[in-house]
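Have a look at the structure below, then the notes.
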Amino acid sequence: MSLIGDAIRDFVWLTGSDGSPIYQNRAAARYTGQSTVDLRRDGWSSLCHPDDRARFEQTWDSAFTDGEPFELEFRCRRRDDAYRWLLCQATPVSANGRENTHWMATLTDVHRHKLLEKELHRAIRHRDEFLATLAHEIRNPLQAIKQALRVVRSPDASEAMSTRMHAVLDRQLDQLQRFTEDSLDLSRVRWDAMSLVPSGVTIQSLVDTTVENMRPIMERAGATLDLELRDADCEMLADPTRLTQALCNVLGNAIKYSEPGNARVAFRVWCEEGHALFEIRDWGCGIEPSRLSEIFDLFTRAPRLAKNRPEGLGVGLAVAMHVAQLHGGSLIAHSEGLGKGSTFTLRVPLAALALP
């Protein structure tokens, strides 16, 4: 038995009819770091993760009672106290041809597969949430467009009313276009297909374009922007379109999670040690410290303190982070907690990209 068991790469356990450990092969002993004598004293369940122990013991007890083979996945403690997922396949063995005198189990390491399965379920959940959010966000502009068209087509519509409805159409179509662009950027980020077009640009030019792009959004939100620009003539080699997009995404996020109609955002820009730094601070709902590491994930949308539901598809910060990384830079978030605002710092090398 020992010779055959030690030739098997999977773990092998041999158990008496009462469930007590009798034998483990060399691979299992290396993994557990315990001798078979130790296991006889403590039992197999001592190796189980506390959250899996009751299920493990119940499965074994049922198997002993019914005399039927079984499969069970559980987390088993390694000799360094780390836990890994194992697939246990156990079957009864009869030494006398009549009654089950032993149980033999083989255990296969399926930890990587469990992690991949968990990630797959997470990706599916995010996809479903994204599609639900997209459907919700698209529905509102479509309803507004449908209503505006009905008014415009009415023979009783005044010129002033028609003008107002055309403005509604323009605004809602812009919203739909932003959703389309966000969806395309989502695909580019997920498949690492976002390309950069490098050119020389000054910090002043980047800031001017960003502020101009944000102006309509800020006016609609009733937000104020405190701009502090140093080293305005500092030049950098980067993709100005993508950097502007990243800055607008972060600024838009700051406005979105601030008090409606009373948003205040500070935008500080300067150069130091061969880098351009863009700091965006708000006094909005803030971020729980435990969530700082996940807010740059795709589809993540922090809850607001206000009752209003945040708009958008939850891809803006993920795109901004991706743009920063493509430039060899970084995007870092900081918050003291809920209700205490947030600060985002985008740091990009001045010579981020080489000209083709």
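The values are calculated or read from the model by the stated rules, or taken from the named source; none is laboratory data. The structure presented is a predicted model; accordingly, all values stated were derived computationally and were not measured. No Cβ is skipped: glycine too gets one built from the backbone with ideal geometry, and neighbour counts run over all protein chains shown.
Residues of the range 232-240 include at least one that is assigned to a helix (DSSP H, G or I), under 17 Å from residue 205 (Cα atoms) and at pLDDT 90 or above.
Among the candidates 241, 224, 210, the residue that is under 31 Å from the mean Cα position of the chain (by Cα), surrounded by fewer than 16 Cβ atoms within 10 Å (Cβ to Cβ) and under 15 Å from residue 280 (Cβ atoms) is uniquely 224. Annotation: residue 193 fulfils all but one of (1) among the hydrophobic types (A, V, I, L, M, F, W, C); (2) within 30 Å of residue 128 (Cβ to Cβ); (3) in contact with a strand residue (DSSP E or B) (Cβ under 6 Å, 6 or more places away or on another chain); (4) surrounded by fewer than 18 Cβ atoms within 10 Å (Cβ to Cβ); the unmet one is (3). Residues that are surrounded by 15 or more Cβ atoms within 10 Å (Cβ to Cβ), of a type in the set (Asp, Glu) and part of a strand (DSSP E or B) do occur in the range 105-116, at least one of them.
Among the conditions (1) touching a Leu at 6+ places or on another chain (Cβ under 9 Å); (2) of a type in the set (A, V, I, L, M, F, W, C); (3) assigned to a loop (DSSP other than H, G, I, E, B), the only one that residue 193 does not satisfy is (1). Of the residues making up the range 5-34, those that are over 17 Å from residue 89 (Cα atoms) and among the hydrophobic types (A, V, I, L, M, F, W, C) are 7, 29. In the set (1) among the β-branched types (Val, Ile, Thr); (2) closer than 17 Å to residue 314 by Cα; (3) surrounded by 15 or more Cβ atoms within 10 Å (Cβ to Cβ), residue 180 fails one condition alone, (3).
The strands (runs of 3 or more DSSP E) found wholly in the range 1-87 and carrying at least 1 residues that are without any contact (Cβ under 8 Å) to a residue 60 or more places away in the chain occupy 21-24, 70-77.
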